[in-house]
1. Considering the zone a paramagnetic label at Lys35 would reach in this model (a point 7 Å from Cα along the Cα-to-Cβ line), which residues of the range 484-511 have amide N under 11 Å from it?
2. Taking a 1.4 Å probe, which of Lys199, Lys480, Lys247 shows the most accessible area, and what order do the others take after it?
3. With a ≥ b ≥ c taken as the square roots of the eigenvalues of the C-alpha gyration tensor of the range 170-235, please select rounded if a/c is under 1.5 and otherwise prolate if a/b is larger than b/c or oblate if it is not?
4. First measure r as the distance between the Cβ atoms of Glu225 and Thr283, then evaluate 1/(1 + (r/R0)^6) with R0 = 25 Å and state the FRET efficiency to the nearest 0.05.
5. Under 25 °C and 0.890 mPa s, how fast does the range 26-105 diffuse according to Stokes-Einstein, given a Kirkwood radius computed over C-alpha pairs? Answer in µm²/s, whole number.
6. Order Arg98, Arg505, Arg531 by their accessible area, 1.4 angstrom probe, all chains in place, largest first.
7. Could you check how much of the accessible area of the chain is carbon and sulfur, as a whole percent, using a 1.4 Å probe?
8. Put a dot 7 Å past each Cα toward the Cβ at Gln396 and Phe511; how far apart are the dots in nm?
Amino acid sequence: MAWKKHDQNLSNNPQYLEPRINDLEAKNIKASKEKFNLSHGLNVVTSDRNTTAKIGLQGRHVVNLIPSFDSPLWGFSSAEYVINSSSKITLNSTQKWRHAKVGVKLKRNSKYSISAELIGDRPYIHLEYYDYNDTLITTKYDQQNKTFTTIDQDFSYIKILLGNNAIGTYIFQNIILVEGNFPKEYVQGVKPVLNPVIKNYGKNLIDSSSVYAYNQTGGVSFDKENKSIKYSRNNGNTYSGAVFEIKTIPNQMYSFTFDVDNGTNFIVKILDSNKNIIFSTTTKNTFIAKTSITYLLFTETTFAQTTYTVSDIMMTIGGSSQRSVNYINYNPSQQVIQSEFYGDGNVNDELIWDNENKPVKVKRWNKVKIDGTFEFRLSQNEDFVGFKRMTLIPTQRITNMVDQKAIAIDAKGRVLETNSFYPSQGGILNFQSDYQAITVSNTDTGWSQSYTPTYQEMQDYFALNPIEIVYQLAEPEYEKVEVFGELGLHEGLNQVEVSEGLIVREKVSPFFSSSSNEYQIGSTNSPLKYRGASILNIYKNNIQDQKWALSVSDSAYWISHCIGKISPNNYDTKSTYYVTYIALSNYTSQLQQSSLEYSRSLRDSHNDLVEKAVDQKEDIDDVKWSVLDLYAQLKSLKGGN
């Protein structure tokens with residue numbers, strides 16, 4: 001057989017080049033995008049230009065198996081226990097071993113973690129295992145802040161005991177029990193990521209208007225027009241003056257600059273979060289942050305009572321190469337995604353962007369409240385000893401769900417057991433596509449063993465005692481989400497923070513208190529949707545209203561914790577009011593999986609494309625010469641024919 005030379009140039013062969021061209025196009029698209037994975041808290045992001053970024057994220061939820069302290073499921077052996085809030089109790093004990101107790105249902109031979117903030121002389125957490133006859137099986141002592149495995153035998157529930165080993169004052173707060181390893185946060189019930197926030201602090205990390213007096217009373221002012229601070233030292237016996245508090249990344253380098261008049265004895269001290277001095281300087285400089293908070297203290301070396309004016313104060317992330325030649329104002333940007341994102345680590349809600357550059361939530365979990373609008377039936381074989389099993393009618397069953405992939409919490413904060421087996425007690429959710437039922441103990445309902453409740457009585461029970469179910473969807477749903485703000489990046493290093501829990505412009509109805517002669521936000525008569533850590537802004541229609549007095553309170557009257565007050569003279573009854581605030585941490589889990597993506601500059605994308613094109617050409621040439629070499633070898637084997 002004679003071998004014929006292939007006379008077609010491989011580099012012009014469409015069948016040969018097409019897959020390589022497609023690969024090159026894919027690489028070009030990828031080269032034009034830059035993606036950074038973000039962690040919770042502060043991150044460093046590098047950008048090749050001033051641009052905007054898009055956010056991506058995966059949902060996450062945390063399940064606390066322990067009810068909040070204000071739940072009736074908790075029992076206290078002494079009146080010396082005081083419930084301070086849903087997450088905190090105090091014991092002023094005159095005797096040892098005063099107990100706060102609550103029962104929870106756990107799986108056999110399974111891994112759990114329990115943690116709490118305990119204050120006092122040797123406080124403890126014990127775990128008591130009980131069988132189905134309410135008989136104690138065994139006790140595991142001193143389980144505070146531990147990961148443990150439940151016993152490998154049948155048990156009904158575990159009773160958690162909080163107690164004291166001595167006389168005195170004890171505080172128990174933020175107690176959480178989860179399946180698996182320790183969570184990174186404290187939550188109550190089942191909490192998803194609520195309203196995640198991605199914030200870029202901007203080129204200049206210092207907000208000059210946030211300056212305050214340090215180790216002295218007053219004497220510090222901010223001149224917005226001249227971008228300067230002025231401070232007069234009135235304590236000549238110690239370091240005092242003007243201070244800034246800045247969030248920083250430990251072990252990260254930062255650089256700062258400033259201008260000062262009358263600077264003979266002027267000095268800047270860099271302090272860590274404990275106010276320990278990192279170093280001192282009299283000129284622009286760089287430093288390595290030691291803690292997550294850094295203080296810049298402008299003071300004086302001779303402890304004289306002197307007045308200084310400091311202007312153009314800038315702090316940037318990175319070394320001196322990241323400094324700006326000209327002064328740049330503090331100009332942060334942030335993006336808030338107003339939605340809830342659930343996820344168990346394997347199946348998660350997700351934020352994506354559609355072809356029109358609009359944010360879309362890929363919803364893989366849903367939440368429903370079983371209340372008085374649902375209809376139940378009770379068959380003859382569903383009245384068990386000590387409890388009854390109530391079944392949803394077929395037309396009201398939850399659809400598009402995965403069998404037994406659900407978390408249910410009753411009105412008392414108790415997490416129900418989810419299984420499809422024959423029920424042994426109350427507090428069990430049977431969650432299947434063809435059968436959905438809830439068992440409730442006779443103690444909870446008040447119904448006797450022999451009593452058969454009517455359909456209406458069952459509806460009335462769930463109207464007063466609703467059950468919230470979070471369940472996995474069999475098929476994902478897509479829904480538009482509202483996004484506030486735009487995330488900007490500047491050329492160079494950016495300090496980007498990932499957080500959550502920001503409630504943006506929630507509509508409120510202020511309440512007029514005749515006894516105080518004021519309009520109020522946050523009281524029992526004008527509550528916010530969530531208890532808040534602090535109110536950031538109050539808006540009258542769409543304009544920020546700065547006439548409100550903002551504060552916080554733990555009193556029962558101020559149910560929302562954060563407060564807004566205004567006099568009747570400054571209140572407009574014809575306007576609509578909105579509040580932006582930060583929800584308390586126990587209302588949201590932490591966002592652990594997020595990213596930002598931005599389009600690179602045309603020049604950099606072009607350079608990458610040229611480089612990849614050269615690589616592709618070299619690959620093609622290598623293949624071409626390899627084929628020609630193979631042809632020459634075969635030809636020689638055939639005697640030159």
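1. The answer is none.
2. Sorted descending by solvent-accessible area, the residues read Lys480, Lys247, Lys199.
3. Values: a/c = 4.72, a/b = 2.03, b/c = 2.32.
Verdict is oblate for the range 170-235.
4. Details: r = 26 Å, r/R0 = 1.03.
That gives a FRET efficiency of 0.45.
5. On the way: Rh = 18.3 Å.
In µm²/s, the coefficient is 134.
6. On the way: Arg98 50, Arg505 90, Arg531 70 Å².
Greatest to least solvent exposure: Arg505, Arg531, Arg98.
7. Carbon and sulfur atoms account for 47 percent of the accessible area of the chain.
8. Once both label points are built, they end up 3.2 nm from each other.
The values are calculated or read from the model by the stated rules, or taken from the named source; none is laboratory data. Source: prediction; values computed, not measured. A quick note on method: Cβ atoms are made from the backbone with ideal geometry, for glycine too, and the neighbour counts reach across all protein chains shown. Calculation scope for accessible area: heavy atoms of the full protein, side chains included, ligands and nucleic acids excluded. Shrake-Rupley method; radii C 1.70, N 1.55, O 1.52, S 1.80 Å.
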